[in-house]
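Taking it in order: structure first as structure tokens, then the write-up.
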Amino acid sequence: MVADEVRKAIDTNNKRFSEGFLKGDASITASVFAENAVVFPPDAPMVEGRGAIEEFWRAVIASGVKGVELTTIELSGIGDCLHERGTGILRIRPPGGTPAEQKIKFVVVWKHTADGWKNMWDIWNTSP
């Protein structure tokens, strides 16, 4: 069972991740990732390291993703590693395009570091 304070830390990180999209600031979104984190975008190469991850999210925001709503279904693990399973909604407003929403499902591996809980591995794809 995950302690309440750990669950709150993960919830806070998820809110911060989403805040970056609302503010159009990829540095906020990337701040929840560890320095050596890896993201696994659908149908794309892995993105390794916080700097590259920030650039990746900057491009995603520029493409029209203006909001991300995440819902944790399960958070479990032991010690300094946790895994999170959840769903989400991407709110997309492409430049000159029609607003849309895309449902996703995700898995995140969290690691407790000297800087607190950080996202180490993040993978997602679309969901019906």
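For this structure, a couple of remarks:
- Note on region 69-114: residues that are within 18 Å of Ile53 (Cα to Cα) and modelled with pLDDT under 95 total 0.
- Residue list for region 11-22, restricted to those being out of contact with any Leu (no Cβ under 6 Å at 6 or more places or on another chain) and surrounded by 13 or more Cβ atoms within 10 Å (Cβ to Cβ): Asp11, Thr12, Asn13, Arg16, Phe17, Ser18, Glu19, Gly20, Phe21, Leu22
- Members of region 90-104 that are out of contact with any Pro (no Cβ under 9 Å at 6 or more places or on another chain) and exposed (fewer than 15 other Cβ atoms within 10 Å of the Cβ): Pro94, Pro95, Gly96, Gly97, Thr98, Pro99, Glu101, Gln102
- Of the criteria (1) of a type outside the set (Phe, Trp, Tyr); (2) at positive phi; (3) at pLDDT below 95, which one Pro128 fails: (2)
- Residues of region 46-64 that are in contact with a Phe, Trp or Tyr (Cβ under 8 Å, 6 or more places away or on another chain) and under 12 Å from Pro95 (Cβ atoms): Ile61 alone.
- Some residue of region 39-53 being within 18 Å of Leu82 (Cα to Cα) and not in a helix (DSSP H, G or I): yes
- Selection within region 60-98 - of a type outside the set (Gly, Ala, Ser), outside any strand (DSSP E or B) and either within 16 Å of the chain's Cα centre (by Cα) or closer than 23 Å to Met120 by Cα (or both): Val60, Ile61, Asp80
- Condition check for Phe17 on (1) assigned to a strand (DSSP E or B); (2) of a type in the set (A, V, I, L, M, F, W, C); (3) within 14 Å of the chain's Cα centre (by Cα): one failure, at (1).
- Residue within region 69-86 that is among the hydrophobic types (A, V, I, L, M, F, W, C) and farther than 21 Å from Thr113 by Cα present: yes
- Each residue in region 49-73 was checked for being without any contact (Cβ under 8 Å) to a residue 40 or more places away in the chain, within 30 Å of Ala3 (Cβ to Cβ), surrounded by 12 or more Cβ atoms within 10 Å (Cβ to Cβ) and not hydrophobic (A, V, I, L, M, F, W, C), and 3 of them qualify.
- Just so you know, in region 111-128 the residues that are more than 11 Å from the chain's Cα centre (by Cα) and assigned to a strand (DSSP E or B) include one that is farthest from Val38 (Cα to Cα), and it is Thr126.
The values are calculated or read from the model by the stated rules, or taken from the named source; none is laboratory data. The structure presented is a predicted model; accordingly, all values stated were derived computationally and were not measured. Glycine also receives a Cβ, built like all others from the backbone with ideal geometry; neighbour counts cover every protein chain displayed.
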